[in-house]
Every structure is written in structure tokens, then in C-alpha cells.
Amino acid sequence: MLYQIYEFQRSLLSPLSLWAEASARVFSAPGSAFSRLPGAERVAAGYELLHRLGKDYQKPQFGISSVQAHGHDVPVVELEAMNLPFCRLLRMKRYTDDPATIDDLRDDPPVLVVAPLSGHHATLLRDTVRTLLADHKVYVTDWIDARMVPLEAGPFHLADYVDYIRRFMHHIGVETLHVMAVCQPVVPVLAAVSLMASAGEPTPRSLVLMGGPVDARKSPTGVNNLAEEKSMSWFRANLIHPVPVHFPGAGRRVYPGFMQHGGFMAMNPRRHVSSHWDFYKQLLAGDLDDAEAHRRFYDEYNAVLDMPAEYYLDTVDIVFKRHLLPQGEWEIDGQLVDPSAIKKTRLLTIEGELDDIAGLGQTRAAHELCAGLPKSRRQHMEVESAGHYGIFSGRRWRSQVYPEVRAFIRQARDNVT
């Protein structure tokens with residue numbers, strides 16, 4: 001009943017949020033007589049803050065219309081390359097009719113960016129994708145909100161996630177492909193490539209694993225501790241709920257996005273309270289640039305999706321409780337997931353020094369598991385003073401991490417043997 005109660009509460013608050021938004025405009029619009037009343041700025045700021053605290057946040061768009069590539073301003077069009085029930089494979093296609101630009105873009109290596117299915121939408125990697133587009137042909141996984149997937153599509157397990165990644169890689173063309181996994185997908189992506197290697201299939205040219213729990217026993221964080229402290233029955237009883245009737249996925253059991261959002265906020269409540277107070281003061285001071293930056297951040301941060309219950313519970317059990325991958329005990333459809341079977345794919349792992357989601361050493365553990373790769377094919381990067389998001393978004397990503405990633409991919413492309 002919790003999901004139904006939440007939806008009922010949201011429907012009650014929606015008129016209040018819309019009224020607050022309209023009131024904020026009445027007291028701030030230049031042509032409004034109310035904007036000239038004493039204290040109008042404070043009233044408008046208060047109403048906008050109320051609106052943003054109570055509004056329903058929709059899935060954002062990538063909104064990447066053009067990029068600078070090889071010195072050219074190139075338009076970008078978002079195309080659907082493949083559509084599966086729980087995920088769309090998107091191609092961020094760069095277009096040009098200039099022959100010189102076409103020649104520059106032709107040899108850029110293809111990169112599959114595997115976005116996390118862990119609460120937020122793939123658009124959280126907008127900065128990652130935009131930066132990569134300067135030098136690469138970019139594909140990205142766009143996971144679908146589970147409440148929008150009808151029951152007829154069946155369940156979705158962690159093993160299905162691994163299968164999706166294999167299918168996407170084959171669709172793009174695995175022989176020339178480079179794969180980047182950010183956060184949660186580090187584990188299923190490593191599993192997918194391992195299974196492909198064990199089956200004698202071609203594997204990607206390179207694998208970039210960023211801030212993911214390959215071995216969650218190393219430097220455990222709050223995320224790891226919760227999984228260790230609570231039983232699987234607790235997770236099933238307290239975090240899994242059926243989707244209400246007015247959604248396409250009515251009846252599907254999910255880990256609701258609103259509960260995940262509550263968990264995100266609870267990890268650092270003071271920072272979020274401070275950020276909203278700063279937003280209020282920015283509105284009063286007329287600091288429109290900083291206020292707009294706040295809106296953009298929370299439009300993304302507050303937009304969450306439901307995760308399929310089977311997938312979420314599998315992840316808790318396999319990755320965070322039993323640690324089956326690092327212990328060499330994970331089997332998918334009777335096939336052991338053995339990273340040591342990977343012989344050719346080059347490996348780059350990236351960690352943030354201050355990562356409070358995937359602690360230091362959790363991603364680097366992939367090197368121990370990929371024992372079949374010589375050291376010359378493996379690299380590790382630790383980003384000083386970077387938190388979890390800093391390794392794939394923002395200034396550190398663009399100035400420190402991306403140049404290393406770009407050079408690594410170029411080396412993997414040019415050195416096939």
C-alpha cells in the first residue's frame with residue numbers, strides 16, 4: 001500500500017505545487033503590479049522553493065544538440081538503435097555534409113556507455129556523453145522506468161541485464177567496440193565480457209570500469225553496510241512494492257524511485273538543506289546564473305525511476321551480500337562468470353579518492369580477477385580529491401579523467417594484438 005499512499009499524497013500536493021509556481025511568477029514577473037510590493041522578492045523566492053520541493057520531476061532529456069569535434073561544430077541527433085522491453089540503446093549520431101569533417105569523424109572509435117540502473121535516468125551521464133562525443137561515436141543505454149513496462153514483458157533479473165549488454169555489444173559490432181561502465185553496471189558489464197570470452201566469442205577492444213562494486217568487501221561504504229546489516233527478507237518486505245493501477249506496469253513489483261530518492265537525500269541531508277537555502281538566497285540576491293545551476297542539478301537529481309524487484313534483489317544478494325563475482329562463484333544459466341577468461345580486451349579502472357558509494361579498491365579489484373590479461377593491457381587511475389560523481393561528470397572528469405580515457409581508447413584501437 002505504500003506506493004498507493006505515496007501517489008495519493010502526490011496527487012494532493014500537485015495543486016499546491018502548481019499554485020506555488022504561479023504565485024512565484026506573479027510576485028516576480030517584471031510586468032506584474034505585485035512584483036513592486038514591499039518584500040515581493042522574498043515572497044516569490046519562498047513560493048518557488050515551495051514549488052520545487054513539491055513538484056513532480058519528469059525524466060530529463062539529454063539535450064545535446066551539437067558538439068565541437070575535431071575543430072568543427074557538429075550537429076547531434078539522438079537515434080534509437082535498438083529497443084528492448086527494459087532498455088533502449090541510443091546512438092548519439094553526429095551529422096555533417098562537409099567532406100573534410102566526415103573524414104575527421106570517420107575513424108573515431110565507437111564507445112558504448114553503459115549507464116547505471118540504480119535510481120537515476122541515463123541523462124545523469126549527460127556530461128560524460130557530451131565530452132566523449134568530441135572524439136568518439138557514442139552509444140548509451142537508456143534504462144526504462146519499470147513502472148512503464150507491462151507485466152506481459154516478464155521479470156527482469158541481473159542475468160537479464162548481462163544478456164542485454166551482450167546483445168547491445170553484438171548489435172553495435174563488438175570487434176571494434178570500446179565499452180565504458182559507470183558505477184553499478186561495472187559488475188554486469190565485466191560479467192558479460194567474461195561470458196563472451198569463455199564462449200570463444202570476440203570481446204571489445206577495451207573496457208573502462210568507473211567507480212563500481214567489483215568487490216564490495218574492500219573499503220565498505222554506507223551502501224555496503226546496509227546490505228550487510230539487513231536480511232534479504234527485510235529488503236523484500238520493506239523496499240519492494242507493486243506499481244499502482246494507473247501506470248502501464250500496474251502490478252509489477254519494483255523498488256520505487258521515490259524510496260530510492262529518499263535514500264539519496266538521507267546520505268547527506270545537511271548538504272541538500274544547505275543547497276536549497278542557498279538557492280533561496282540566490283533568488284533574493286538576483287543571482288540568476290547560480291539559481292539556474294541549482295534548478296538544472298535538482299531537475300536531474302530529483303528525477304528517479306523504479307527498478308524491477310528481481311534485478312534489485314539479485315544485485316543486493318549477488319554483489320553486496322554473497323560477493324559471488326570476486327569469490328569465483330557466480331553462475332549465469334549454468335556458465336561460470338570467469339574474468340580470467342578475458343585475454344585480449346584492454347582494461348582501465350578508475351576510482352575517486354573520496355568516493356562514498358564505491359570505496360577505494362572496489363573497482364580496482366577487477367585487475368585481480370582478470371588474471372588472464374598481462375599487465376601491459378591493464379591500467380588503473382585514482383582521481384585525487386574526487387568523489388563518486390567527479391570521476392565521470394564536471395571539471396575533474398573533463399580535465400583529468402577524460403584525457404586519460406581518450407588516450408587509453410586510442411591505444412586500444414591502434415594496438416589490436
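The values are calculated or read from the model by the stated rules, or taken from the named source; none is laboratory data. This is a predicted model, so every value here is computed, not measured. All Cβ positions, even for glycine, are placed from backbone atoms using ideal geometry, and neighbour counts span all protein chains on display.
When the range 1-52 is filtered for residues that are assigned to a helix (DSSP H, G or I), among the aliphatic types (A, V, I, L, M) and within 30 Å of A237 (Cα to Cα), the ones remaining, listed by number, are L2, I5, L12, L13.
When D97, D108 are checked against the criterion of being surrounded by fewer than 13 Cβ atoms within 10 Å (Cβ to Cβ), assigned by TED's automatic domain parsing to the domain that holds F392 and in a loop (DSSP other than H, G, I, E, B), D97 stands alone in meeting it.
Among the residues of the range 122-179, those identified as touching a strand residue (DSSP E or B) at 6+ places or on another chain (Cβ under 8 Å), in a helix (DSSP H, G or I) and among the aromatic types (F, W, Y) are Y164, F168.
Can you tell me how many residues in the range 376-391 are farther than 18 Å from Q184 by Cα, of a type outside the set (A, V, I, L, M, F, W, C) and buried (at least 18 other Cβ atoms within 10 Å of the Cβ)? Going through the range 376-391 one residue at a time, the tally reaches 2. Taken together, G359, G394 contain a single residue that is under 29 Å from F320 (Cβ atoms), surrounded by fewer than 19 Cβ atoms within 10 Å (Cβ to Cβ) and either in contact (Cβ under 8 Å) with a residue 60 or more places away in the chain or of a type in the set (V, I, T) (or both), which is G394.
Determine which member of the set I350, I357 is part of a strand (DSSP E or B), among the hydrophobic types (A, V, I, L, M, F, W, C), under 18 Å from the mean Cα position of the chain (by Cα) and assigned by TED's automatic domain parsing to the domain that holds V193. Answer to the selection: I350. Those helices (runs of 4 or more DSSP H) of the range 209-307 in which at least 2 residues are assigned by TED's automatic domain parsing to the domain that holds A45 and surrounded by 14 or more Cβ atoms within 10 Å (Cβ to Cβ), considering only elements entirely within it, cover 257-267, 269-285, 288-301.
Is it true that some residue in the range 380-400 is closer than 27 Å to A197 by Cβ and part of a loop (DSSP other than H, G, I, E, B)? Yes - at least one qualifying residue is present in the range 380-400.
Per the listing E41, E48, the residue uniquely surrounded by fewer than 17 Cβ atoms within 10 Å (Cβ to Cβ) and charged (D, E, K, R) is E41.
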